[in-house]
Structure formats: structure tokens, C-alpha cells
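Chemist: The structure is given below, and queries will be raised subsequently.
The values are calculated or read from the model by the stated rules, or taken from the named source; none is laboratory data. All figures in this text were calculated on a predicted structure; none of them were measured in a lab. Cβ placement follows ideal geometry from the backbone for every residue including glycine, while neighbour counts extend to all protein chains displayed.
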Amino acid sequence: MTGTRIGLAVLLIGALVAAFSFLRKETIADSHRQARQLVLHYTLSRVESPIILVGDSIAEASTLPRALCGHPIVNAGLNGASTASDLGTWLIEALDGKRAAAIVVSLGTNDALTGRTTQAFETSYTALLAQLAKVTARLAVLAIPAIDVQGRVTTEMQAEAMKGINDFNAVLPALAGKSGATFIALPPMSKPHTIDGVHLDAAGYAAWDEAILQGVSTICSSH
């Protein structure tokens, strides 16, 4: 085999390995999405008038109370999700005709980490809220928590991600208002407040949980 052919063979093998790795990650992500939707459907089939938390891995890893003033709280977080992940269709299919007492949306971290523009973020977030409004009369939008310089998150990475997060948080109150949703601000958090730069630690979740519970507590006065 000539040197040229060897070089081409190496490039081909490298391309195949890269493609296989990418497809494997995609398959794993799709499998998790389907499994989460099935479990979510089973959970929702057992409850009435739930408060649903829709979000990414920060939401999925959360441990909110099981209920608030008689309404069961259901975690519909999905690892890796962004505002462009079609979570509206995903959740509505899991609800299977049921309605929610309230839906809280906690998204934006992955949008910032992947460098989405503010315009794209606003467009996809607005579309998501329009979908979710079909299955609930109460929508809430949670602010995006800050990222720490911790774990693999360097100072440069944090600065770049925070530019997106700050831009997104700046438009969220007006975006929520136009969609008939309540905006839920987050209180200042300790530094650090994550376990790896992105995912919240105990203190971070304590502040995050409290903000959500206070944000949807108005539902209790409607009883």
C-alpha cells in the first residue's frame, strides 16, 4: 500500500470513528428522551392537576417537594434540553389529554453553552410557551442560574457562557409577559453554588427550589 493510500485509509478510519461516536451519543440522547417521556407519562397518569417543572439537567436533578397545597409536583426535566428541544410536544404527548395546574419552565443554560443567539432563544422560547399554554392556564418562566468557574469550566468559558445567560435573562421578563407567563427571578447565590460549574450544589438548589415554590404559590390562593 502506498503512502497516499495509507493516509487516505487513516483519514477514512478517523471519519468513521468520529461518525460512530456522534451517532452513539445521538442514540443515547434519543433513548434517554424516550425513556423519560414514558416514565413521565406513567407518573402523570396517576395524578390530577399537577404542577409540572419542565427543564434541562438542572431541573431533572432537582428534588422539589412532592406537592404544593394539594397539587402534586412532577419533574419533567430532560438532560441536555434547550429551548429548541421541542419539549412542548414531548410533554403534551406524555400528558395524553390531561391538563396541568401550572407549568414552570427552566431552560436556557444549554442555549448559552452552545452559543445560540438571543433572537433564536426568544423565538424558540416563545414557541414553547405557546404550545404549553394549550395544556395549562398558568405558566411561569424561571431565570437562568449563573455558571461558576469550577470543575472543567475555565474563567474564559464562564465569561463566554455568562454573556449569553445575562443577555437571555435580560429578555425573559418581557418574553414571559408577552406570553401570559409569570417571570420568576432567582435570588443571589453563594459562590460557588455548583458542583461542576453548571449543576447546582445543595445551597444552590435551596435557593432555586425556594424561588420556584414562591413563584407558583399563588396557585394556592385560588383554592
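Chemist: Among the residues of the stretch 39-58, are any over 11 Å from the mean Cα position of the chain (by Cα) and under 30 Å from Met157 (Cα atoms)?
Modeler: No: zero hits.
Chemist: Now, a different point. Do we have any residue at all in the stretch 97-107 that's of a type in the set (A, V, I, L, M), over 24 Å from Cys220 (Cα atoms) and in contact with a Phe, Trp or Tyr (Cβ under 9 Å, 6 or more places away or on another chain)?
Modeler: Among the residues of the stretch 97-107, at least one is of a type in the set (A, V, I, L, M), over 24 Å from Cys220 (Cα atoms) and in contact with a Phe, Trp or Tyr (Cβ under 9 Å, 6 or more places away or on another chain), which makes the answer yes.
Chemist: Then there's this: Restricting the search to the stretch 109-131, which residues are under 27 Å from Tyr42 (Cα atoms) and surrounded by 24 or more Cβ atoms within 10 Å (Cβ to Cβ)?
Modeler: Those that are under 27 Å from Tyr42 (Cα atoms) and surrounded by 24 or more Cβ atoms within 10 Å (Cβ to Cβ): Tyr125, Leu128.
Chemist: Within the stretch 39-82, track down each residue that is farther than 23 Å from Asp209 by Cα and either part of a loop (DSSP other than H, G, I, E, B) or in contact with a Ser or Thr (Cβ under 6 Å, 6 or more places away or on another chain) (or both).
Modeler: The one that is farther than 23 Å from Asp209 by Cα and either part of a loop (DSSP other than H, G, I, E, B) or in contact with a Ser or Thr (Cβ under 6 Å, 6 or more places away or on another chain) (or both): Arg46.
Chemist: Can you go through Val105, Val135, Val171 and tell me which one is crowded, with 19+ Cβ neighbours inside 10 Å and either among the acidic types (Asp, Glu) or modelled with pLDDT of 95 or more (or both)?
Modeler: Val105
Chemist: Name every residue in the stretch 187-198 that is in contact with a Gly (Cβ under 9 Å, 6 or more places away or on another chain) and either over 20 Å from Asn79 (Cβ atoms) or of a type outside the set (Gly, Ala, Ser) (or both), in order of residue number.
Modeler: Within the stretch 187-198, Met189, Ser190, Pro192, His193, Thr194, Ile195, Asp196, Val198 qualify.
Chemist: Look at Ser85 and say whether it is of a type in the set (S, T, N, Q), in a loop (DSSP other than H, G, I, E, B), without any contact (Cβ under 8 Å) to a residue 40 or more places away in the chain and surrounded by 15 or more Cβ atoms within 10 Å (Cβ to Cβ).
Modeler: yes
Chemist: Yes or no: Arg24 charged (D, E, K, R), assigned to a helix (DSSP H, G or I) and either at pLDDT 95 or above or under 29 Å from Ala202 (Cβ atoms) (or both)?
Modeler: no
Chemist: Additional query: Among the residues of the stretch 183-190, is there at least one that is touching an Asp or Glu at 6+ places or on another chain (Cβ under 8 Å), surrounded by fewer than 18 Cβ atoms within 10 Å (Cβ to Cβ) and closer than 24 Å to Ala61 by Cα?
Modeler: Checked against the condition, which is being touching an Asp or Glu at 6+ places or on another chain (Cβ under 8 Å), surrounded by fewer than 18 Cβ atoms within 10 Å (Cβ to Cβ) and closer than 24 Å to Ala61 by Cα, the stretch 183-190 yields at least one hit.
Chemist: So which residues in the stretch 142-172 are under 22 Å from Ile52 (Cα atoms) and without any contact (Cβ under 8 Å) to a residue 24 or more places away in the chain, if there are any at all?
Modeler: Hits for the stretch 142-172: nothing passes.
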